[in-house]
Amino acid sequence: GTVELAAELADGVMLYLCPINRMPKVQNAIERGAAKGGRKVSALDVTTGLPACISDDMNAAMTAAKNNLAFYGRLPFYNKLFQNSGFAKEAALLADGNPAGVSDRMADEVSLVGPPSRCRERLAAFREAGIQLPIITTVPVGNQTYTEAVRMTMKTFS
């Protein structure tokens, strides 16, 4: 697939909305591609975009994460990614335009959700799973402005 080809030919692999539970499969593809290209896996950079929905109000943070993912779930490429990552039920609802299709588990597998300490713990889990260069994308929570959300993201991860 695409990940294997990138590991064979490119400087790295750039993922987006890749569920943490999919990372073992991604790592296997990286290893196969690197071997085909006669390269060391350690020579490749692995990154993914991680939406950050940071708030001490876990319910509000989860709602923001779900609303963010509902948009992507309507797009065929991401819908298929979600299907292939163990979220078939959610993907089916999202394909029909039902934003309630995003489960808590799905939101937590692809986003950093909740209080700052929890988001830092989740980021550490993504790093342990093989993400070397996380790209944290800010998602405002509740009535937060984008500027306030960016400041919260910087404070959380600085």
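Confirm whether ALA60 is assigned to a helix (DSSP H, G or I) and free of Cβ contacts under 8 Å to residues at least 60 places away in the same chain.
So ALA60 does not fit the description; no.
With respect to ALA65, is the statement that it is out of contact with any helix residue (DSSP H, G or I) (no Cβ under 6 Å at 6 or more places or on another chain), within 24 Å of LYS155 (Cα to Cα), assigned to a helix (DSSP H, G or I) and open to solvent by less than 60 Å² (accessible area, probe 1.4 Å) true?
no
What helices (runs of 4 or more DSSP H) lie completely within segment 97-158 and have 3 or more residues being in contact (Cβ under 8 Å) with a residue 12 or more places away in the chain, open to solvent by less than 30 Å² (accessible area, probe 1.4 Å) and among the hydrophobic types (A, V, I, L, M, F, W, C)?
The qualifying helices (runs of 4 or more DSSP H) are 104-110, 116-128.
Can you tell me how many residues within segment 124-141 are within 17 Å of ASN68 (Cβ to Cβ) and within 14 Å of the chain's Cα centre (by Cα)?
Count: 7.
Can you spot a residue in segment 120-128 that is over 23 Å from ARG22 (Cβ atoms) and hydrophobic (A, V, I, L, M, F, W, C)?
Scanning segment 120-128 turns up no residue that is over 23 Å from ARG22 (Cβ atoms) and hydrophobic (A, V, I, L, M, F, W, C).
Could you count how many residues in segment 18-54 are small (Gly, Ala, Ser) and part of a strand (DSSP E or B)?
2
Just a yes or no: is a residue in segment 47-55 of a type outside the set (A, V, I, L, M), out of contact with any Ser or Thr (no Cβ under 9 Å at 6 or more places or on another chain), touching a residue at least 40 places away in the same chain (Cβ under 8 Å) and closer than 18 Å to PRO134 by Cα?
The answer is yes, given that some residue of segment 47-55 is of a type outside the set (A, V, I, L, M), out of contact with any Ser or Thr (no Cβ under 9 Å at 6 or more places or on another chain), touching a residue at least 40 places away in the same chain (Cβ under 8 Å) and closer than 18 Å to PRO134 by Cα.
Considering only residues that are assigned to a helix (DSSP H, G or I) and aromatic (Phe, Trp, Tyr), look in segment 68-89 and name the one that is most open to solvent (accessible area, probe 1.4 Å).
Checked segment 68-89; the qualifying residue most open to solvent (accessible area, probe 1.4 Å) is PHE77.
Here's the yes/no breakdown for (1) more than 23 Å from ARG127 (Cβ to Cβ); (2) within 19 Å of the chain's Cα centre (by Cα):
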residue	(1), (2)
LEU9	yes, no
LEU17	no, yes
ASN28	no, yes
ARG39	no, no
THR63	yes, yes
ALA70	yes, yes
ASN98	yes, no
MET106	no, yes
VAL110	no, yes
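The values are calculated or read from the model by the stated rules, or taken from the named source; none is laboratory data. Fair warning: this is a prediction, and the values are worked out from it, not measured in the lab. Positions of Cβ are generated from backbone atoms using ideal geometry, with glycine treated the same way; all protein chains shown enter the neighbour counts. Side chains are part of the model used for accessible areas, which takes the heavy atoms of the whole protein and leaves out ligands, DNA and RNA. Shrake-Rupley method; radii C 1.70, N 1.55, O 1.52, S 1.80 Å.
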